[in-house]
Structures are given as structure tokens and as C-alpha cells.
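> Dropping a structure here in C-alpha cells format, bear with me for questions.
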Number of protein chains: 2
Amino acid sequence: VGTQYAGFQSQPGKKVVQTTLERAISATTQEDIRVVGAGRTDAGAHAYSQVVTFSTDSILPVTVLVRAINAHLPRDIVVARATEIDPSFHPRHDATSRLYRYLIWNRPVRSPFWEARAAHVRPRLQVETMDEAAKCLLGLHDFSAFAPVNAIIERTRVMYAASCRRDGDLVTLDFEAQGFMRQMARALAGTLLGVGLGKITLEEFEHILQSGDRTQAGETMPAYGLYLVRVKYPATKSISEGVVSVGSPHAGNEEQE
Amino acid sequence: VGTQYAGFQSQPGKKVVQTTLERAISATTQEDIRVVGAGRTDAGAHAYSQVVTFSTDSILPVTVLVRAINAHLPRDIVVARATEIDPSFHPRHDATSRLYRYLIWNRPVRSPFWEARAAHVRPRLQVETMDEAAKCLLGLHDFSAFAPVNAIIERTRVMYAASCRRDGDLVTLDFEAQGFMRQMARALAGTLLGVGLGKITLEEFEHILQSGDRTQAGETMPAYGLYLVRVKYPATKSISEGVVSVGSPHAGNEEQE
């Protein structure tokens, strides 16, 4: 749960997930531990399942290690499982895709239960139209329209899956891509929101994507609605073979501990 | 969200939902407001939908009133909707049933997302057997086995619905009855937990219910897993005709504001 953190990656003077995790592992193994994560998260954003690696000379069995690290972690971070892995494995470089989820509480009155965990949008969203628009994102595209304006980076990405669905008053936007630029998922969510509100037509949405013009796209949605749900690796470097997972899905069916 | 409160009902020197709500309404109408609630909740327990009434001389339209009261409420309480109602209506006495829900996060590792919102049980629960046991509760019973030991009260209640189900790692226990005694839902949850863990057989569960012996039943589960989901009224005194609802369901489809 990212509410109390200024993101995953270390920033001087700020409370971040990475440092909190490093301290808990260091306290357990009595070493000076540095962790490498699969993806950054923005301040206030959440992760059901982050993947991190670290090197240790500890001879503790991994199940004992997990329990000891969790005893040193605050209640809003948990290590779901851990295994030993080849030192050549890199949680960020080896990842083949990331699944980001954006949650919107879509009801005139706010929800105390989704406070700081979903964006609040009062007017009823046309989720079917949003889902149609999301399908335009599939495949290889230059995502400049949803990228930070001044960053000199490659902006071409492959989007494997994109969908919008409603479950009662909760609207879920899923984006699974090979890689994401900073605030890209939140800019995609903001532009699809425009579609759901009837402010942007399907044709306009396609045009925005093709234009590569950030000023035409929608607002960047607040970080507290954003979740890193899953990071995928090639089968030969399967996540189940050896990494630490931070956070825990609401209702997953994966192997555990 | 009840985490920060010592329950619904006023207690001297404690932060309770009732007083917080009375202050917000008083600030809105500039009167000294007293509210009456449909049901008490224990310290730390939650309510998706509480029903309260109050008298006011305010001439503000109810939709304006709701917005103004919400502006005075903290982020963990919300008035979902309000309407005018006959002064003879009493939210507790007129209620025909209450639905209480108990949530269990059932995975070896704890969940940061369900922290203070569900009980954590590590061993995998036999939910089908729990559901079978829950069915024994249906109908008219003396629920002394799940009642406070020393209270001199009528302990016979009608249970309209009782079920246990699994959704991934989350186990949901629902109890809908005409009325509940203090800690009854949490004692029922604790005893069904014994069934799910294989410590209490179906026959033993039936025997516990019939015995009326509180010492034979399971532990009282922690309050933070308990939710007041719904309060029902006779059609002639329908909730949609005029009461204030505190809290908001995760994914409801009711009429709103």
C-alpha cells in the first residue's frame, strides 16, 4: 500500500519502499543490503506485486528469511515469497511485461473504503466506449502523446492488453505492456476518462494516439488510483524460480511462500 | 471505515461515529443535532451502510443538505443519501433485518491491502464445510452459545440467511438476522472458523448451537473484520423514502443522492 510512501525508488530525505525494504532485510541478515526493483512506482501509487532482488551471504533457508524480513517490515509492505535465483537475473531488464491497473470509484458520493485507493469520478462513465478506445492502444505504437514532454527517450512500446470494465461502482482500467514511461499509465487513464465522460470521441482518441502530442491527451490521473499488478518474465527466468514479491493481490491464486 | 473509531454509539471521552456525524450535521444546520442509528458497531468495525435519523428545522433541500454535511465529515465517513421521513420512523425499532459480513484474508502471508479490514488466517480454510455449518443457523434458534454470558436478554433470534464463500484468498461470511446480540456475529465467525480449520465437526457445530453454552463456541473474532452491510425495513417504511446512510458499499447498485 503506497499511501505513506514517496514511491519505490530511493530519493534522499524521502520515505520510499526501496529503503524501507533494504532496512528490513539488512536487519535480518546483518549485512548492508541493496535491492533492485522491477519497476518504479509514483508517490502514493500501490503495488500488488513488485519484484525485487538482492544479494546475501545469509545461509538462512528462504522460508525462514521471508518470515524474518516480514517481522521487520511495517504493516503496509509484505514479502509474499522468495527464492534463490541466478545472479545474472535482473528484475527490470529481464521483465517482458508489466500490468498496471487504474481504479476509479464512479458514484456521486465518495467511498470511505476506496479513499486514497481509487480516483473518485462522479458522473457515470460509459465504460463500453472506454473499452473500445482502449483496444486502439493494442500493438506497437509511438506513445509520445502519453509521455513526459521533455524526456529524450525511445517512446515506442508494445501494448499487449488494454481493457476497461465495470464492477458495480468500481471501474477498472488494465494496461499490460512491454514497458511504461513515467506517468504513461496515468495519462492513458486520464484520456480514457475523457472518452467515458463523452468529451473525447473514439475517432478523437485514435487521433490523439497518432498525433504524439501530449497537449491533446487528457490529464494525468492521481497516483493513488494506480497499482502495479504483475511483472512477467520469460519462462526460463520464471518469477516462481527466485525473486521477492512486495505486496499481495486482493484475491490471487498464485503459489505462496 | 471504522478503524479510527471506538464504535458507533456515544461513549464519554471516545471518538465515535455518532458524535462525529452529529457535529457535522450541527455545523451544517446551526442546530444542536442528535442522531439515532439503526445498529451499534464495535470499536474498529466498519459499516458499508448504517441508517440514522435526525430532526431538523432546516429548510435546505435534502440534496444540498447531504453535500453540506459531507463537506463537514472526515474522509472515513460519508452520507450516501438522505430523504425526509415520517417522525414516527425509528431506525432501530422498525428494522426487520440486518446483514453483517465478516471478512477473512486466508493466505499464509498477510495482505497490506486488507490490513485492519479483514482478519488474517494462515491455514487454508474448508469453506464448503463452513457453508454447510452456516446453514444449521437458519431459522429460529436460541443463540445463547454466541451471546454475552452475563447479559439478561432474550436470546432467541431468526436467522434469515447465513453463508460462507471464497473469492481467491478472501473468505466472506454473511449473516442476515432479525437482530444480533453484542459480539454475536464475531462469535459465529470464530466458531465457523473452527469448522473451516477442521477443529470442529459439523455435528459438533450443531451441538454447540443447541447447547446454548458460550464456553463451547469459538473465540470472538477481532472487530476489524466485521461490516454492517445493510439494514432492511418494511416496504411501507422503505429506506429509500427517508433516512441517512453512512458508509458506501464497495460495489453497490442502489439509487444514489
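The values are calculated or read from the model by the stated rules, or taken from the named source; none is laboratory data. Keep in mind that this is a model prediction, so the values were computed, not measured. Positions of Cβ are generated from backbone atoms using ideal geometry, with glycine treated the same way; all protein chains shown enter the neighbour counts. The accessibility values were calculated without ligands, DNA or RNA, using every heavy atom of the protein model including side chains. Shrake-Rupley method; radii C 1.70, N 1.55, O 1.52, S 1.80 Å.
> Between copies, how close do the B:LEU60 label points come, placed 7 Å along Cα→Cβ, listed in nm from shortest?
For B:LEU60, the inter-copy label distances come out at 5.5 nm.
> Using label points projected 7 Å from each Cα along Cα→Cβ, tell me how many nm separate B:ARG165 and B:VAL62, to one decimal.
3.0
> Which order do you get for A:GLU203, B:GLU22 if you rank them by accessible area with a 1.4 Å probe, largest at the top?
Working: A:GLU203 130, B:GLU22 15 Å².
Ranking A:GLU203, B:GLU22 by accessible area, largest first, yields A:GLU203, B:GLU22.
> In percent, how large is the relative contact order of the stretch B:153-226, given Cα pairs closer than 8 Å and 6 or more residues apart?
Working: 72 pairs, mean separation 19.8, N = 74.
Across the stretch B:153-226, relative contact order equals 27 percent.
> Can you give the FRET efficiency to the nearest 0.05 for B:ALA27 and B:ALA235, using r as the Cβ-Cβ distance and R₀ = 35 Å?
Details: r = 34 Å, r/R0 = 0.98.
That pair, B:ALA27 with B:ALA235, gives E of 0.55.
> Next question. Rank these by accessible area, largest first, 1.4 Å probe: B:LEU192, B:LEU197. Walk me through the intermediate numbers first.
Numbers: B:LEU192 0, B:LEU197 60 Å².
Largest accessible area first, the list is B:LEU197, B:LEU192.
> With label points built 7 Å along Cα→Cβ from the Cα atoms of A:GLN178 and A:LEU140, find their separation and express it in nm.
0.7
> Let me ask you something else. Considering only lysines 8 or more places apart in sequence, or on different chains, count the pairs in the protein assembly as shown whose C-alpha atoms sit under 29 Å apart. Write down the numbers at each step before the final one.
On the way: A:LYS14/A:LYS232; A:LYS15/A:LYS232; A:LYS135/A:LYS199; A:LYS135/A:LYS232; B:LYS14/B:LYS232; B:LYS15/B:LYS232; B:LYS135/B:LYS199; B:LYS135/B:LYS232.
The result is 8.
> If the chain between B:GLU206 and B:VAL158 were fully stretched, how many nm would it gain, using 0.36 nm times the residue separation less the Cα-Cα distance? Show your work: numbers first, answer last.
Details: separation 48, 0.36 × 48 = 17.28 nm, distance 1.60 nm.
Contour length minus Cα-Cα distance gives 15.7 nm.
> B:GLY139 label points, 7 Å along Cα→Cβ, one per copy: pairwise distances from this copy to the rest in nm, shortest first?
So the label point of B:GLY139 gives 6.4 nm to the other copies.
> Counting pairwise Cα distances across chain A, what percent come out greater than 33 angstrom? Before the final figure, lay out the partial values.
Details: 7433 of 32896 pairs.
Here the long-distance tail beyond 33 Å is 23 percent of all Cα pairs in chain A.
> Let me ask something additional. Run the numbers for A:ARG75 and A:GLN126: contour at 0.36 nm per residue of separation, minus the present Cα-Cα distance, in nm. Could the numbers behind the result be given before it?
Values: separation 51, 0.36 × 51 = 18.36 nm, distance 3.68 nm.
Result for the pair: 14.7 nm of gain on full extension.
> With an 8 Å cut-off on Cα pairs and a minimum separation of 6 or more residues, tell me the relative contact order of chain B in percent.
Working: 552 pairs, mean separation 71.2, N = 257.
Relative CO of chain B lands at 28 percent.
> Okay, next question. For the stretch A:1-94, what percent of Cα pairs sit more than 18 Å apart? Mind dumping the intermediate values first?
Numbers: 1876 of 4371 pairs.
Pairs farther apart than 18 Å: 43 percent.
> Further question on the same structure: Largest first, what is the accessible-area ranking of B:ARG124, A:ARG101, A:ARG182, B:ARG107 with a 1.4 Å probe?
Numbers: B:ARG124 125, A:ARG101 50, A:ARG182 165, B:ARG107 5 Å².
Descending accessible area places them as A:ARG182, B:ARG124, A:ARG101, B:ARG107.
> Once you wrap a convex hull around the alpha carbon atoms of the protein assembly as shown, what is its projected area averaged over all directions, in nm²? All intermediate terms of the calculation are to be shown ahead of the outcome.
Details: hull surface 111.1 nm².
Average projection, Cα convex hull of the protein assembly as shown: 27.8 nm².
> Would you mind working out the magnitude of the charge dipole of chain A relative to its Cα centre, with +1 at each Lys and Arg C-beta and -1 at each Asp and Glu C-beta, to the nearest 20 Debye?
Value, rounded to 20: 680 debye.
> OK, next. Using a 7 Å offset from Cα along Cα-Cβ at B:ASN150, what residues in the stretch B:172-211 end up with backbone N under 13 Å from the label point?
No residues fall inside that zone.
> Using θ = phi - 60° and the Karplus form 6.51 cos²θ - 1.76 cosθ + 1.60, what ³J(HN,Hα) does each residue of the stretch B:18-33 get, whole Hz, x for Gly and Pro?
Calculated HN-Hα couplings, in order: 3, 5, 4, 5, 4, 5, 5, 6, 4, 5, 6, 9, 6, 10, 9, 8 Hz.
> Shifting gears a bit: Could you work out the per residue convex hull volume over the alpha carbons of the stretch B:42-118, in cubic angstrom?
131
> Something else about it: Using the 7 Å Cα-to-Cβ label point, sort the distances from B:ARG23 to its equivalents in the other copies shortest first and give them in nm to one decimal.
For B:ARG23, the other copies' label points sit at 3.2 nm, shortest first.
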